[in-house]
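What follows is a single structure, written as structure tokens, with notes after it.
The values are calculated or read from the model by the stated rules, or taken from the named source; none is laboratory data. Because the structure is a prediction, the values reported are computed rather than measured. As a convention, Cβ positions derive from the backbone with ideal geometry for all residues, glycine included, and neighbour counts pool all protein chains shown.
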Protein chains: 2
Amino acid sequence: MEHVDKLLIGGVVVTMNQNYDVFPDGAIAVRGNTIVAVGPRETITAAYTAAETLDCSGQIIMPGLINAHTHAPMTLLRGLADDLRLDVWLMGYMMPVEREFVSPEFCYYGTLLACAEMILSGTTCFADMYYHEGDIARATVEAGLRAVLGQTILKFPSPDAASYEESLAYTRQFIETWKGHPLITPAVAPHAPYTNTVETLQACTALAREYDVPLLTHFAETRLEVEESRREHDMAVVSWAERLGLLEAKVLAAHCVHIDTDEMRLLHNHGARVAHNPSSNLKLASGVAPVQEMLNRGLIVGIGTDGTASNNDLDMFDEIRLAAFVAKVATYDPTALPARTALAMATRMGAEALFLGDVTGSLEPGKRADVITLDHTPLHNTPRFQRDPDAIYSQIVYAAKSTDVTHVMVDGRWLMRDRQLLTIDTAALREIAADYARRIDAFLIAREGNVLSKLVAIGGLEQEESFEIQVKAHTADPGILDAVLSSKEVQIVRHTHYRQYDTYFLFNDDRQGRVRYREDDSINERDEVISVRSRLTYTMPTKEREFARAILLSRSQFIAPADRPLRFYREYFQPDIERTIEKERWRWHILYKGILFYINLDKLKEPAHDGYFLEIKSRTWSARDAEYKAEMATEIMSLLGITSEHTIRAEYLELATGR
Amino acid sequence: MEHVDKLLIGGVVVTMNQNYDVFPDGAIAVRGNTIVAVGPRETITAAYTAAETLDCSGQIIMPGLINAHTHAPMTLLRGLADDLRLDVWLMGYMMPVEREFVSPEFCYYGTLLACAEMILSGTTCFADMYYHEGDIARATVEAGLRAVLGQTILKFPSPDAASYEESLAYTRQFIETWKGHPLITPAVAPHAPYTNTVETLQACTALAREYDVPLLTHFAETRLEVEESRREHDMAVVSWAERLGLLEAKVLAAHCVHIDTDEMRLLHNHGARVAHNPSSNLKLASGVAPVQEMLNRGLIVGIGTDGTASNNDLDMFDEIRLAAFVAKVATYDPTALPARTALAMATRMGAEALFLGDVTGSLEPGKRADVITLDHTPLHNTPRFQRDPDAIYSQIVYAAKSTDVTHVMVDGRWLMRDRQLLTIDTAALREIAADYARRIDAFLIAREGNVLSKLVAIGGLEQEESFEIQVKAHTADPGILDAVLSSKEVQIVRHTHYRQYDTYFLFNDDRQGRVRYREDDSINERDEVISVRSRLTYTMPTKEREFARAILLSRSQFIAPADRPLRFYREYFQPDIERTIEKERWRWHILYKGILFYINLDKLKEPAHDGYFLEIKSRTWSARDAEYKAEMATEIMSLLGITSEHTIRAEYLELATGR
């Protein structure tokens, strides 16, 4: 008799191994963190004795479920805002709240709450993408779960980084800290191709390859994303990612709702994995991913809940059933994605999707002991048919509930027994969650009807590059431009002439930021108006940074088309103060040393002002790039013969109002 | 202070009344079976004292859920057969098992099991369509639930009736027995237009109108149903039902997956109600019903689980969430079917769908006390945001689980307290369910690979009319037909000439029935073969009935196109005996006194036989019609000068084999 630590005996052992072996009266033996034997009860009990033997009669013993895609700390935002237009949800609620509240503490407690919910519902391993992943790792280890944790990289400033350079540096450090941990696999998570730049995507790929860690991302979640990818890059999302070399990393791509056969082939050829999120894809009205076709083409597809802000729970039982359901209706074929395959996607194949196929996902000797048991006796599991060997999968997928989960073990350690959590103090967690909810409610109530919310509500809002470089000077003689425009360092890309009528909406409360309604009349060589365009620009009340003297480096702006009359916006925003500025603008898009700048030569008419203003401008997502461009802009000013002492800080609005 | 029987105090009272009033610290007062007051806790406790006061702090107090469509006794078939083609599922599993097992006892116990599951998951009222509805009513009353129970009418013989005439008679009696019961509303349930005849649909409508009871049916569940309706009636399903007058009854139509704008208008104009069944429609790959458009057009739509054979549970929480989800993805609009509306469909609007809008569905003074409470404290309901007044609905619909239901009251009576069922002995039920499962498993194993299963598996199988009328005679002189064919009582519709090559597959086990493979060569006037058709006919081993002497009255047959060679079918069915028959057939479709008959004049070639055989045939779904047609057939024989002593009983197969 060999000695082991734990024996789980009796119950139906559903191994989810390659043969789909099921032992109707089975047992498993666990030593340390590893499964050493699986088989019929008699065989196992004849061969092993154990320090602890647990009778699982009347239960199903199966591998723990694998949640292939979530954003764990968002449990703290569950039910915050639902049934909204995607842009309203994201820009009106999620992003402002995340900017304000997401901290290391938020991520730590949010993850603990998520882990508690996952353990209660039978999940033993998950893939995460969020901020402050080091704190998420700390909470996950404390809870005792297994996870692949992807630190998010965005071109935008994020709750844990003012620039993507900071994010990349943090990610490297995060990987160094956690690589090799028995429960945690660190990963790089560029949020999506459209929220990254070519540079950040390539830096992420290089980092993932350097450390041989997975790269987690979102691909083709919405139709809009695909349309924009085709417009901008003339190719579909996955094709674009492949072109950039992203698929050279070990990619786990969430969603893939709107991908075609060629993209499936690309993913398959590069060994990329897919995380299917049916609840989220339905709730956000994204669409239904072609999962059956992916599987037919040999792709490895896991199932994920996505974050609780778009689900609104972490219940993998709901998710597996829904995966089976939507695959059927999407193909009008009731035999699509049968229960056994759906369960495999959440166990063995799910582990493969997380590049943990050797470690977990099935009950097999040598794998880690990630095991759950399911109570077979609740009435909703009654009766039990035996004729069809697949009936056990049908029962688990179509009838069982997450609340049937009785015991949970991860890495050979009990995390739950008889539905009692053993590693997490939920009473304290509830208090903390309630406190966050109160503060977030108060924050949102305070900003109810604020300018950004109103802008989001009218639609079409887009965030501009995070960093604006702007340097300005006054000159009596516009002719000083000629030398620069004819310089061999400068290539003129485009020249335009406008009359601009700006109306600024200002508010007594500075935290509201400000809105500019601009009418741009484009003027041809015969001084005729050839087109008119109106748009809104919202400038956030965030700190602006200066680089050198009088060079603005950072200003968060959002733009939106203004397809309604000025009168509408005036009534809608109800500004406390209104200012108008009219000017004539001659504009050049130039490449200076190969870098794009805008030169504006402006003649102020209202308020009237002598002479001309010269502006040199550029925008970028990168902090490092912003500093580089600021230096270039100073060089251009020098070419104009203007030294930094002569540049001016004031904006036109300040000239007009003194504000 | 007024005295009442029960006070439920504390907790968030979600009334689901027209104003969607919510009382964050509320209470309700119940006297007898009726709600007498709903409001803030302070107001109610100041006005009422009660024999029983229940503290519901930390819970949500809300109306019980209404399951607008199910087949309750099918709980006993849960998980029997899943992930199958619809015809295989229906004809290969459901129908044979129902034919064998569905009895008053089955319906009684199956309903008790369903009621137990419904109470545990917060359902207090349901609409049912099945067989032996009297026994279903008995179980429902014993469990204490409210229900609209529709007795099924089919053109086929059903588990509770050999003919539809029996069904109609039983339904009338069922209504007489149960009309006016405080919990039970009896109803007429013609299964669907395509499974009924014009006559049965009109008889059902008349019956529903005579007793002013609802008419429950299935409309436009699958694309195939709609295609066939268009082919057969040249109009869509609802339009056809309207044409027949069906919508003059109080109709509650399940599914309506494939209906267009005109059909919605028809339903709305006639005050018909719809039961939406998202799980079933996804699992059977039927499609997604256009629910948002129905609601926009003012239709009253409830939510149903359908039977557990196609779901596989009776969990309305799953169903409500899924209804909200699928409406969003179907319209690519995340604001479609918001949580509050989805919950209304399962409460107040659900009651209206069952024509019980005055009785139940919301917490309002004067309505019956059908109340559930939901535990707010499980982690999956954490945290709780208050800012948005709709957050409470979002929490119930997107995060809460059926297992959060704590207490259930119907008609003022407690059915569950602290998750303990008070009216149903589940231990006994489990035993009974397990026993049925064992017997059904054994039955299906015994018939595994039987002929009908094999036929179902190859597809295209259709059931023929239940009653076949056949009378046959031998004659040396085919000329005797002339007098009949030229009679003024007879109108010839069509005349054809075939050479028929029949191969019979016979089995030593008579219970297998028999299969005929027939090649029909159609012959023109120049004796040339102009077309060839092959098909399979399966004759069930059911009892045949005779009417008068030598007139066959009943034979259950299925037909399927035979699109593969005879060799294939021989290997596939592996008959024990094979017989071939060849004959020349001249066939007339005639109307005799306006009724369709077939006259066959057959010359047997293999086995060769002197003279000719004459057959007069007809088919019908109706037992009464069969007897009438049998008399007509005898009259036609008399016109031929053949008296009943000269008719013969034997089939060609018997002439060939002696079997």
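Restricting to the stretch A:225-243, name every residue that is in a helix (DSSP H, G or I) and closer than 14 Å to residue A:256 by Cβ.
Across the stretch A:225-243, the qualifying residues are A:225, A:226, A:229, A:237, A:238, A:239, A:240, A:241, A:242.
Taking the options B:329, B:301, B:371, name whichever one is over 13 Å from residue B:397 (Cα atoms), within 14 Å of another protein chain (Cβ to nearest Cβ), of a type in the set (Val, Ile, Thr) and touching a residue at least 12 places away in the same chain (Cβ under 8 Å).
When all the criteria are applied, what remains is B:329.
Do we have any residue at all in the stretch A:313-336 that's surrounded by 24 or more Cβ atoms within 10 Å (Cβ to Cβ) and of a type in the set (S, T, N, Q)?
no
For residue A:44, all conditions in the list (1) touching a strand residue (DSSP E or B) at 6+ places or on another chain (Cβ under 8 Å); (2) within 22 Å of residue A:191 (Cα to Cα); (3) not in a strand (DSSP E or B) hold save one; what is the number of the exception?
For residue A:44, the failing item is (2).
With the structure loaded, tell me whether residue A:200 is closer than 24 Å to residue A:224 by Cα and at pLDDT below 95 or whether it fails that test.
no
Listed residues B:52, B:105, B:100; which is surrounded by fewer than 18 Cβ atoms within 10 Å (Cβ to Cβ) and modelled with pLDDT under 95?
B:100 is the lone residue from the list that is surrounded by fewer than 18 Cβ atoms within 10 Å (Cβ to Cβ) and modelled with pLDDT under 95.
Does residue B:636 satisfy being in a loop (DSSP other than H, G, I, E, B), buried (at least 18 other Cβ atoms within 10 Å of the Cβ), in the same structural domain as residue B:503 (by TED's automatic domain parsing) and out of contact with any Ser or Thr (no Cβ under 7 Å at 6 or more places or on another chain)?
no
Output the qualifying pairs, or none if there are none: Cβ atoms under 7 angstrom, residues six or more apart or on different chains, first residue in the stretch B:427-447 and assigned by TED's automatic domain parsing to the domain that holds residue B:81 and over 13 Å from residue A:382 (Cβ atoms), second residue acidic (Asp, Glu) and outside any helix (DSSP H, G or I).
Partner pairs satisfying both residue conditions: none exist.
Going residue by residue through the stretch B:339-352, is there one that turns out to be at the interface with another protein chain (Cβ under 8 Å from one of its Cβ atoms) and not acidic (Asp, Glu)?
yes
Starting from residues that are farther than 16 Å from residue A:78 by Cα and more than 8 Å from every other protein chain (Cβ to nearest Cβ), keep the ones in the stretch A:424-441 and report whichever is surrounded by the most Cβ atoms within 10 Å (Cβ to Cβ).
Step one: list which residues in the stretch A:424-441 are farther than 16 Å from residue A:78 by Cα, which gives A:424-428.
Narrowing the set further to residues that are more than 8 Å from every other protein chain (Cβ to nearest Cβ) leaves A:424-425, A:427-428.
Numbers: A:424: 22, A:425: 11, A:427: 7, A:428: 11.
So the residue we want is A:424.
Only one residue in B:16, B:91, B:74, B:62 is within 30 Å of residue B:558 (Cα to Cα), surrounded by 24 or more Cβ atoms within 10 Å (Cβ to Cβ) and under 39 Å from the mean Cα position of the chain (by Cα). Which one?
When all the criteria are applied, what remains is B:74.
Could you check, for the stretch B:265-281, whether at least one of its residues is among the aliphatic types (A, V, I, L, M) and in contact with a Phe, Trp or Tyr (Cβ under 7 Å, 6 or more places away or on another chain)?
no
Could you list, in sequence order, all residues of the stretch B:553-601 that are closer than 21 Å to residue B:452 by Cβ and of a type in the set (A, V, I, L, M, F, W, C)?
B:558, B:559, B:560, B:562, B:566, B:568, B:573, B:577 - these are the residues of the stretch B:553-601 that are closer than 21 Å to residue B:452 by Cβ and of a type in the set (A, V, I, L, M, F, W, C).
Check A:312, A:281 and return the single one that is among the polar types (S, T, N, Q), more than 17 Å from residue B:330 (Cα to Cα) and touching a residue at least 24 places away in the same chain (Cβ under 8 Å).
A:312
Select from the stretch B:413-431 the residues that are of a type in the set (D, E, K, R) and closer than 30 Å to residue B:5 by Cα and list them in ascending order.
B:413, B:417, B:418, B:419, B:425 - these are the residues of the stretch B:413-431 that are of a type in the set (D, E, K, R) and closer than 30 Å to residue B:5 by Cα.
Give me the residue from the stretch A:304-326 that is acidic (Asp, Glu) and more than 9 Å from chain B (Cβ to nearest Cβ) and, out of that set, farthest from the chain's Cα centre (by Cα).
The qualifying residue farthest from the chain's Cα centre (by Cα) is A:319.
Do we have any residue at all in the stretch B:138-150 that's hydrophobic (A, V, I, L, M, F, W, C), modelled with pLDDT under 95, surrounded by fewer than 22 Cβ atoms within 10 Å (Cβ to Cβ) and assigned by TED's automatic domain parsing to the domain that holds residue B:371? Give the derivation first.
Pass one, the stretch B:138-150, residues hydrophobic (A, V, I, L, M, F, W, C): B:139, B:141, B:143, B:145, B:147-149.
From the residues that got through so far, the ones that are modelled with pLDDT under 95 too are none.
Checked the stretch B:138-150: no residue is hydrophobic (A, V, I, L, M, F, W, C), modelled with pLDDT under 95, surrounded by fewer than 22 Cβ atoms within 10 Å (Cβ to Cβ) and assigned by TED's automatic domain parsing to the domain that holds residue B:371.
Can you work out which of the residues in the stretch B:387-423 that are out of contact with any His (no Cβ under 7 Å at 6 or more places or on another chain) and of a type in the set (Gly, Ala, Ser) is farthest from the other protein chains (Cβ to nearest Cβ)?
B:412
Within the stretch B:375-386, can one find any residue that is assigned to a loop (DSSP other than H, G, I, E, B), surrounded by fewer than 17 Cβ atoms within 10 Å (Cβ to Cβ), in contact with a helix residue (DSSP H, G or I) (Cβ under 7 Å, 6 or more places away or on another chain) and within 14 Å of chain A (Cβ to nearest Cβ)?
yes
From (1) out of contact with any Lys or Arg (no Cβ under 7 Å at 6 or more places or on another chain); (2) buried (at least 19 other Cβ atoms within 10 Å of the Cβ); (3) hydrophobic (A, V, I, L, M, F, W, C), pick out the condition that doesn't hold for residue B:236.
(1)
Scan the stretch B:59-86 for residues that are within 10 Å of another protein chain (Cβ to nearest Cβ) and more than 21 Å from residue B:131 (Cβ to Cβ) and report the count. Walk me through how you get there before you give the answer.
Narrowing the stretch B:59-86 to residues within 10 Å of another protein chain (Cβ to nearest Cβ): B:75-86.
Within this subset, residues satisfying the condition of being more than 21 Å from residue B:131 (Cβ to Cβ) are B:82-85.
The number of residues fulfilling the criteria is 4.
Of all residues in the stretch B:273-298, how many are at positive phi, touching a Leu at 6+ places or on another chain (Cβ under 8 Å) and away from chain A (no Cβ under 14 Å)?
Counting residues in the stretch B:273-298 that are at positive phi, touching a Leu at 6+ places or on another chain (Cβ under 8 Å) and away from chain A (no Cβ under 14 Å) gives 0.
Quick one: which residue in B:530, B:559 is part of a strand (DSSP E or B), in contact (Cβ under 8 Å) with a residue 12 or more places away in the chain and assigned by TED's automatic domain parsing to the domain that holds residue B:492? Before you say what the answer is, go through the steps one by one.
On the way: B:530 fails: in contact (Cβ under 8 Å) with a residue 12 or more places away in the chain.
Being part of a strand (DSSP E or B), in contact (Cβ under 8 Å) with a residue 12 or more places away in the chain and assigned by TED's automatic domain parsing to the domain that holds residue B:492 holds for just one of B:530, B:559, which is B:559.
Is it the case that residue B:339 is within 23 Å of the chain's Cα centre (by Cα) and either in contact (Cβ under 8 Å) with a residue 24 or more places away in the chain or more than 27 Å from residue A:317 (Cβ to Cβ) (or both)?
no
If you go through the stretch A:395-432, how many residues are in a helix (DSSP H, G or I) and farther than 19 Å from residue B:404 by Cα? I'd like the intermediate steps shown before the answer.
Going through the stretch A:395-432, the residues in a helix (DSSP H, G or I) turn out to be A:395-399, A:402-404, A:426-432.
Restricting the remaining residues to those that are farther than 19 Å from residue B:404 by Cα gives A:395-398, A:428-429, A:431-432.
Of the residues in that region, 8 qualify.
Among (1) farther than 29 Å from residue A:184 by Cα; (2) surrounded by fewer than 24 Cβ atoms within 10 Å (Cβ to Cβ); (3) hydrophobic (A, V, I, L, M, F, W, C), where does residue A:392 come up short?
Tallying (1) farther than 29 Å from residue A:184 by Cα; (2) surrounded by fewer than 24 Cβ atoms within 10 Å (Cβ to Cβ); (3) hydrophobic (A, V, I, L, M, F, W, C), residue A:392 fails exactly one: (2).
What number goes with the only condition from (1) outside the structural domain of residue A:638 (by TED's automatic domain parsing); (2) of a type in the set (A, V, I, L, M, F, W, C); (3) closer than 20 Å to residue A:649 by Cβ that residue A:506 does not pass?
(1)
Looking only at residues that are within 20 Å of the chain's Cα centre (by Cα) and buried (at least 24 other Cβ atoms within 10 Å of the Cβ) in the stretch A:108-117, which one is nearest to residue A:444 (Cα to Cα)?
Top of the filtered list is A:110.
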